[in-house]
Amino acid sequence: TGYITYDPGFVNTGSASSAITYIDGDQGVLRYRGYPIEQLAQRSTFIEVSYLLIYGELPTAAQLEDFTQKINRHTLLHEDLKRFFDGFPRDAHPMPVLSSAVSALSTFYQDSLNPFDEPNVELSTIRLLAKVPTLAAYAYKKSIGQPFLYPDNSLGLVENYLRMTFGLPAEPYEIDPDVAKALDLLFILHADHEQNCSTSTVRLVGSSEANLFASISAGIMALFGPLHGGANSAVLEMLEGIKADGGDVNKFVERVKNKEKGVRLMGFGHRVYKNYDPRAKIIKQTADDILRKIGGGDELLDIAKALEERALSDDYFVERKLYPNVDFYTGLIYRALGFPTQYFTVLFALGRLPGWIAHWREMIQDPQTKIGRPRQIYTGEKQRDYKPVSER
Ligand code: CMC
């Protein structure tokens, strides 16, 4: 009709209808398939939440058993895919490594290419849930030069991942149940967040009828950015920077308020939450508990708390309704668990995986889906005539 609504950043544009996740940003409410995040965090498990997001209901005992067994059957990587890691430099950032490896799944499983072949979509779903933790663990092993460990399918999903990440072939790996529980909880809290940047990317790529692996590989790259999932690493770098600079949070907050180029309070603010992010509340408590139990990073936790308190009592943040988001305290926990800073966003990706899958599947089955193709406001030159190079 010649009329275009201009909405950069899609601040006020709905791109899909979805039955997966509900957020009330003013009240700080988050629910997956109707279940409050607080209840799932306290009582559920990541594998159960993955099932809930993808299939719409909490599994019965038999469904959970079947789902777990199916995932266990697919945790191994093709031996050729393992060699894929050899080609990357050892100090490569693990996010592009992970995205490339997920992209490569399309080459190993060419049965995945038709997005409307439901049995194969189901198989791709299971393959992703099973293999992405293995790929993530190998990205880490590659970075420190240690051998890859085969998965041990007698273990749960998170325990298996921890063993492949921190275990060694020559010695038994003792899984600390507190560590496994903390990571499981963090994965639950990251599992979905409706039309965020990476999920919208998964849907947009998928709207061209690209397969699940291709779409999720693109989603991983969207998550990489520091304004999205990369914020969890950026927060830790910020806290280390404040510590190195004498630990004065006031000085840092002044730099943020003065809008110094590139200086933002990382882990604060959100497009949808104009209240305390309900995930951040739970994570703050977990950071307290886990750091007390396993130790490490206490000084940075103190700086983080002082920073939060300082920001929440400052007009700049109050007026703009900027509160801690999911990324503010996670890095401290990941660090205490032994993960290097550069690797934190991979943990976000592991958590978000079932959400991406659920959205891709919802999108592909939705009769309203059309290829995503926004319009633009053209601001370039009017028509002009070509001149040969001798006349320019
Ligand atoms: N520090 C300082 N000022 C901020 C911040 C911040 N973290 N976030 C927003 N503002 C200011 C911004 O400068 C603007 O001020 P003004 O009106 O004077 O120009 C106002 O608040 C509104 O911000 P915006 O950039 O228009 O908000 P947005 O909805 O486009 O951006 C955001 C949301 C999350 C990208 C942004 O808040 C941000 O950059 N936060 C820091 C990065 C971060 O923590 N990201 C993780 C987000 S949650 C998990 C995830 O998605 O991965």
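The values are calculated or read from the model by the stated rules, or taken from the named source; none is laboratory data. What you see is a predicted model; the values in this text were computed from it and never measured. Cβ atoms come from the backbone with ideal geometry, glycine included; neighbour counts cover every protein chain shown.
Is there a residue in segment 380-387 that is over 22 Å from Leu186 (Cα atoms), over 26 Å from the mean Cα position of the chain (by Cα) and among the acidic types (Asp, Glu)? For segment 380-387, residues over 22 Å from Leu186 (Cα atoms), over 26 Å from the mean Cα position of the chain (by Cα) and among the acidic types (Asp, Glu): present. From the list Ser106, Ser44, the lone residue that is away from the ligand (no atom under 16 Å from the Cβ) and within 24 Å of Leu135 (Cβ to Cβ) is Ser106.
For segment 208-232, give me each residue that is part of a loop (DSSP other than H, G, I, E, B) and more than 13 Å from the ligand (Cβ to nearest atom). Correct list: Ser208, Glu209, Ala210, Asn211. May I ask you to verify whether Pro177 is away from the ligand (no atom under 16 Å from the Cβ) and either free of Cβ contacts under 8 Å to residues at least 24 places away in the same chain or not aromatic (Phe, Trp, Tyr) (or both)? Criteria met by Pro177.
For segment 180-207, a residue qualifies if it is small (Gly, Ala, Ser), within 16 Å of the ligand (Cβ to nearest atom), within 19 Å of Ile47 (Cα to Cα) and not in a loop (DSSP other than H, G, I, E, B), but none of them does.
The single residue among Phe344, Phe339 that is among the aromatic types (Phe, Trp, Tyr), within 24 Å of the chain's Cα centre (by Cα) and in a loop (DSSP other than H, G, I, E, B) turns out to be Phe339.
Report yes if some residue within segment 242-253 is under 30 Å from Arg203 (Cα atoms) and either touching a residue at least 12 places away in the same chain (Cβ under 8 Å) or crowded, with 19+ Cβ neighbours inside 10 Å (or both); otherwise report no. No, there is no match, as no residue in segment 242-253 is under 30 Å from Arg203 (Cα atoms) and either touching a residue at least 12 places away in the same chain (Cβ under 8 Å) or crowded, with 19+ Cβ neighbours inside 10 Å (or both).
Remark: pairs (first residue in segment 202-229, at positive phi; second residue crowded, with 18+ Cβ neighbours inside 10 Å; Cβ separation under 8 Å; 6+ apart in sequence or on different chains) = Glu209/Pro115; Glu209/Ile364.
With respect to Glu57, is the statement that it is outside any helix (DSSP H, G or I), more than 16 Å from the ligand (Cβ to nearest atom), surrounded by fewer than 18 Cβ atoms within 10 Å (Cβ to Cβ) and of a type in the set (D, E, K, R) true? Against the criterion (outside any helix (DSSP H, G or I), more than 16 Å from the ligand (Cβ to nearest atom), surrounded by fewer than 18 Cβ atoms within 10 Å (Cβ to Cβ) and of a type in the set (D, E, K, R)), Glu57 qualifies.
Consider segment 142-177 and keep the residues that are touching a helix residue (DSSP H, G or I) at 6+ places or on another chain (Cβ under 7 Å) and among the hydroxyl-bearing types (Ser, Thr, Tyr). The one that is surrounded by the fewest Cβ atoms within 10 Å (Cβ to Cβ) is Tyr173. Within segment 110-124, the set of residues being under 24 Å from the mean Cα position of the chain (by Cα) and part of a helix (DSSP H, G or I) comprises Ser112, Val121, Glu122, Leu123, Ser124.
For Arg90, the test of being at pLDDT below 95, outside any loop (DSSP other than H, G, I, E, B), surrounded by fewer than 16 Cβ atoms within 10 Å (Cβ to Cβ) and of a type in the set (D, E, K, R) is failed. One residue stands out in segment 60-74 among those that are among the β-branched types (Val, Ile, Thr) and assigned to a helix (DSSP H, G or I): the one that is surrounded by the fewest Cβ atoms within 10 Å (Cβ to Cβ), namely Thr68. Does Pro96 count as in contact (Cβ under 8 Å) with a residue 12 or more places away in the chain and more than 19 Å from Trp360 (Cα to Cα)? The answer is yes for Pro96. Within segment 318-334, the residues that satisfy the criterion of being assigned to a helix (DSSP H, G or I) and surrounded by fewer than 21 Cβ atoms within 10 Å (Cβ to Cβ) are Val318, Glu319. When restricted to residues that are within 13 Å of the ligand (Cβ to nearest atom) and surrounded by 14 or more Cβ atoms within 10 Å (Cβ to Cβ), segment 256-284 contains 20.
One residue alone among Arg361, Arg392, Arg335, Arg384 is over 24 Å from Phe166 (Cα atoms) and touching a residue at least 40 places away in the same chain (Cβ under 8 Å), and that residue is Arg361.
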